[in-house]
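The values are calculated or read from the model by the stated rules, or taken from the named source; none is laboratory data. Here the structure is a predicted model, which means the values were calculated and not measured. Ideal geometry is used to build each Cβ from the backbone, glycine not excepted, and the neighbour counts take in all protein chains shown. Ligands, DNA and RNA are stripped out before the accessible areas are found, and what is left, the full protein with its side chains, is counted by its heavy atoms. Shrake-Rupley method; radii C 1.70, N 1.55, O 1.52, S 1.80 Å.
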Protein chains: 2
Amino acid sequence: MNLLFLGTSAGVPTKSRNVAGVALRESKGKGWYLIDCGEGTQHQVLHTKLSLNSLNAILITHVHGDHCYGLPGMLASAAMNGRTEPLTIVAPAGIKTWLDATFEATQLSLPFALEFVDSDDLPSVEFERISVATHRLSHRAMSYAYGFTERKVEAALDVGKLTQKGIPRGPLWGQLKQGMDIEFAGERLKSRDFLISKHKPRKVVIAGDNDQPDLLSEACAEAQVLVHEATYTEAMAEKAGDFGHSYAKQVATFAESIQLPNLVLTHFSPRYQPNPHASPSIEDIRTEAQSVYSGSLYLARDFGEYTLDKSGHFSEVTG
Amino acid sequence: MNLLFLGTSAGVPTKSRNVAGVALRESKGKGWYLIDCGEGTQHQVLHTKLSLNSLNAILITHVHGDHCYGLPGMLASAAMNGRTEPLTIVAPAGIKTWLDATFEATQLSLPFALEFVDSDDLPSVEFERISVATHRLSHRAMSYAYGFTERKVEAALDVGKLTQKGIPRGPLWGQLKQGMDIEFAGERLKSRDFLISKHKPRKVVIAGDNDQPDLLSEACAEAQVLVHEATYTEAMAEKAGDFGHSYAKQVATFAESIQLPNLVLTHFSPRYQPNPHASPSIEDIRTEAQSVYSGSLYLARDFGEYTLDKSGHFSEVTG
């Protein structure tokens, strides 16, 4: 699984950071998922290798504009790029209402179907290679986190169990290995009972705006990576008096409490300057988070790319 | 008056051209007008000296997404930048409907008033330094051109007329010079009858999508500059079979027929490559237009800036 950040600014774009958008790419093939779609996300995609034709789903965390205003343009461009495959959209119900109003007012008709899944129902959605779970957060608008868990983890046959059961080596073993259930000696045998996974399924949780990271305790079970907003440092959060967002220490304290191995912070207030010597600087966020978190900490930047390998090792893709 | 192009691509953004947006700046002060606001226009503005606080009005030519999807984000950012001054929006009625739906669905409430003017009524709108006229075009959706004419052109007193009328040199002359009407010898005298303009008012017409340039004959009377789409060359327009747009020769033929001094083409299909040796190349559009037009021809590019000086001379701002 790869994460490619398309926007890492809160509220408004800056010269170096766009508003929210992150691409999660499957480990095999070209399939990808877009989590949030702030204005200009399609422009960012133009500078990557991602294709709108291999986009499996768009998942929106909440209805605020900096997380969804890029959606109509993204869909219009997918249409003009010739997409015909249906597209899944997992989002709060307000997004469907808004898109319908947008299509009508701006005379947009798509040549592909949109399959809406209402995140207010906390759905689990199964794609071919990925399962998505939905978790409720705390924000001024209803906000959600999406957990992406790998399906079909590479597995070896449990030869001991097969032998014990008396299943002869041959086509039946092959079918079980390929994930097919079989009939044997009048009994239905499930593939998954005869497979040993070669590694733990990879799991990444990507959260929307949220002022209570603790809500993610269960969602983060077995996850190697959490992507969470850290709009402010603690002092700035108090000064801004802006409810509904987290500050760096708050998220990092949560991550430490559950011994999460990798934390990626994003959605930074535009007040934080890229220059490490400026005040306030984006480095203030890092320093504050590091003061309470002992795992691997990353501050997302636009076009920053990360990979989570089979062994669960998470690292930045360089070069 | 200055023109600064923020987007010059048709339908979808490319790596080098954003979708529609052009800023018209007043010759004095910081006031400006935004004509069309495709997705990402606010991102383009970040790379200019334009401020959302000195924006006088947004004028939308028609409801298609590549001309308006940047509007909600632009307004949200103006709000976050602290704008409190009311903002005029001249646009087809569908835009107001869409913005209202957007504000509700995405929980956006602006700290400044929007003053909507319905372009379907072909309004004339007076700003302090600029008069705007609206003209109907021909496209798949109702589409409009906006004509911007300078008000308060620098003027000298008509001393002969003042003397003839017996108005004594002094405060009354001063008032007339400043544009104030006066009472003299029991008669109401209009300032404008005693002023001689030092130059013709500057006038620029900016058109939306349109397949009948001839509709602009009247609108272009006394105009020094027309900005018009040239989505295709003639051969490509036939091949694309896309109704509602103009090709280069068509617009240039019209401009030649009315002896228009300056024509700026924009809204190019993404098929046209920036490389002059590519096929099709953006230079094909230039060549086709030049073959029938003897005035000054410009092909707009993103961040290309032009100035129209007092004498009516139009030129690209370089450096």
Please report, ordered by residue number, the strands (runs of 3 or more DSSP E) entirely within the stretch B:100-216 with at least 3 residues that are within 14 Å of chain A (Cβ to nearest Cβ), of a type outside the set (D, E, K, R) and open to solvent by less than 50 Å² (accessible area, probe 1.4 Å).
-> none
Within the group A:Val45, A:Val22, A:Val63, which residue is β-branched (Val, Ile, Thr), assigned to a helix (DSSP H, G or I) and either more than 22 Å from A:Leu265 (Cα to Cα) or assigned by TED's automatic domain parsing to the domain that holds A:Glu229 (or both)?
-> A:Val45
Being over 23 Å from B:Leu137 (Cβ atoms), among the polar types (S, T, N, Q) and over 15 Å from the mean Cα position of the chain (by Cα) is the filter; apply it to the stretch B:6-63 and report the residue that is surrounded by the most Cβ atoms within 10 Å (Cβ to Cβ).
-> B:Gln42
Tally the residues that are aromatic (Phe, Trp, Tyr) and over 22 Å from A:Asp302 (Cβ atoms), restricting the search to the stretch A:231-268.
-> 2
Just need a number here: residues in the stretch B:296-319 that are under 15 Å from B:Leu226 (Cα atoms), of a type in the set (S, T, N, Q) and loosely packed, with under 15 Cβ neighbours inside 10 Å.
-> 1
Among the residues listed as A:Leu226, A:Leu215, the single one being under 19 Å from A:Phe5 (Cβ atoms) and touching a Leu at 6+ places or on another chain (Cβ under 7 Å) | A:Leu226
Matching entry among A:Glu238, A:Glu256, A:Glu283 (being touching a residue at least 24 places away in the same chain (Cβ under 8 Å) and among the charged types (D, E, K, R)) | A:Glu256
Do the conditions hold for A:Val63, that is, is it in contact with a Pro (Cβ under 7 Å, 6 or more places away or on another chain) and either acidic (Asp, Glu) or facing another protein chain (nearest Cβ under 7 Å) (or both)?
-> yes
Members of the stretch B:21-60 that are among the hydroxyl-bearing types (Ser, Thr, Tyr) and more than 10 Å from chain A (Cβ to nearest Cβ) | B:Ser27, B:Tyr33, B:Thr48, B:Ser51, B:Ser54
Would you check if B:Glu238 is farther than 28 Å from B:Thr149 by Cβ, open to solvent by 30 Å² or more (accessible area, probe 1.4 Å) and either in contact with a His (Cβ under 7 Å, 6 or more places away or on another chain) or not in a loop (DSSP other than H, G, I, E, B) (or both)?
-> yes
Members of the stretch B:75-99 found to be under 24 Å from A:Lys96 (Cβ atoms) and crowded, with 18+ Cβ neighbours inside 10 Å, listed by number = B:Leu75, B:Ala76, B:Gly94, B:Ile95, B:Trp98, B:Leu99
How about the stretch B:71-95: which of its residues are within 9 Å of another protein chain (Cβ to nearest Cβ) and either in contact with a Phe, Trp or Tyr (Cβ under 6 Å, 6 or more places away or on another chain) or not in a helix (DSSP H, G or I) (or both)?
-> B:Pro72, B:Gly73, B:Asn81
Quickly run through the stretch A:241-287 and pick out the residues that are assigned to a strand (DSSP E or B) and open to solvent by 50 Å² or more (accessible area, probe 1.4 Å).
-> A:Tyr247, A:Gln273
